[in-house]
1. How far is residue A:10 from the same spot in each other copy, in nm, shortest first, if each label point sits 7 Å from Cα toward Cβ?
2. Local charge sum around residue A:55 (other residues, Cβ-Cβ under 11 Å, Lys/Arg +1, Asp/Glu -1)?
3. How far, in whole Å, is the nearest Cβ of chain A from the axis relating it by rotation to chain B, and which residue carries it?
4. At residue B:45 and residue A:127, where each label point lies 7 Å from the Cα along Cα→Cβ, what is the point-to-point distance in nanometres?
5. I'd like to check one number: the per residue accessible area of the protein assembly as shown, probe 1.4 Å, reported in Å² as a whole number.
6. Of all accessible surface on the protein assembly as shown at a 1.4 Å probe, what whole percent is carbon and sulfur?
7. Given axes a ≥ b ≥ c from the Cα gyration tensor, I'd like to know whether chain A is rounded (a/c under 1.5), prolate (a/b larger than b/c) or oblate.
8. Report the charge-dipole magnitude of chain A in Debye, nearest 20, computed about the Cα centre from +1 at each Lys and Arg Cβ and -1 at each Asp and Glu Cβ.
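The values are calculated or read from the model by the stated rules, or taken from the named source; none is laboratory data. A quick note: this is a predicted structure, and the numbers were derived from the prediction, not measured. All Cβ positions, glycine included, derive from the backbone under ideal geometry; neighbour counts span all protein chains shown. To get the accessible areas, we keep the full protein, side chains included, count just its heavy atoms, and leave off ligands, DNA and RNA. Shrake-Rupley method; radii C 1.70, N 1.55, O 1.52, S 1.80 Å.
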2 protein chains.
Amino acid sequence: MSEIKSKAMAKTELAEITFDDQGLVAAIAQQHDTGEILMMAWMNAESLALTLQTGQAHYWSRSRQSLWHKGESSGQTQQLMDLRVDCDGDTILLSVDQTGVACHTGRRNCFYRAYRNGEWVEIAEVVTSPDDLYGNK
Amino acid sequence: MSEIKSKAMAKTELAEITFDDQGLVAAIAQQHDTGEILMMAWMNAESLALTLQTGQAHYWSRSRQSLWHKGESSGQTQQLMDLRVDCDGDTILLSVDQTGVACHTGRRNCFYRAYRNGEWVEIAEVVTSPDDLYGNK
């Protein structure tokens, strides 16, 4: 699969996506070759357009209430390989090639805690320290 | 990995999950052995407890505003193999063993439309017709 870049969606294509009352749609990022689920975030129409135009994942940060080019601070960008939508249009699946680590904790993906034998256990180690990811940038 | 069944989470463990203002948390279901993303749905605390108690995925249907034992109508249940939570606690990842098909359209997963060359194209076929899934039950 090759990287995809595309013009913004035409209205008819955009209509297949069901944005919620805040103008957002859930977006799952999956590593294209291993199937690893990296993270879940949110997109608005503008971040979706930027993702297609640049070929790199852009989200909407609900906590910062701003556009978020994934990796803008850390360099850990996500190259878009394929973009899918689910049956009822309210979730997007981004097949990506993740540079480095997806999680702000420095782990490869955000789902590093598993519920086993009645407690949460960490199942993935920090690959890159957050200081290295976000320090002096 | 073996099926997990567990008592409902203790309060301290449940506190790691960030339910939204409607009492819901996003839940991604992934086929445990292939990495295929099957669907994305929502859970409340009760559906999470039932999932752990029964070892089968239960969700909260936002459209029906009711508990939803996945497969209750169609027989297409999801056996829980592992349960994970992401870094900020607002998304759960269910590693499951899907019986049959996950999507109500009869496709194996819900993400069967891909945006390629400026249009949505179907990339997966119907495996079991919805009539067979939901008829006469």
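1. Residue A:10 label point versus its equivalents elsewhere: 5.9 nm.
2. Numbers: positive: A:5; negative: A:3, A:97.
Computed value for this residue: -1.
3. A:35, 1
4. In this crude spin-label approximation the distance works out to 3.6 nm.
5. Values: 12870 Å² over 274 residues.
That works out to 47 Å² per residue.
6. Solvent-exposed carbon and sulfur of the protein assembly as shown make up 45 percent of the total.
7. prolate
8. On the way: 12 positive and 19 negative charges, 60 e Å.
Roughly 280 debye for chain A.
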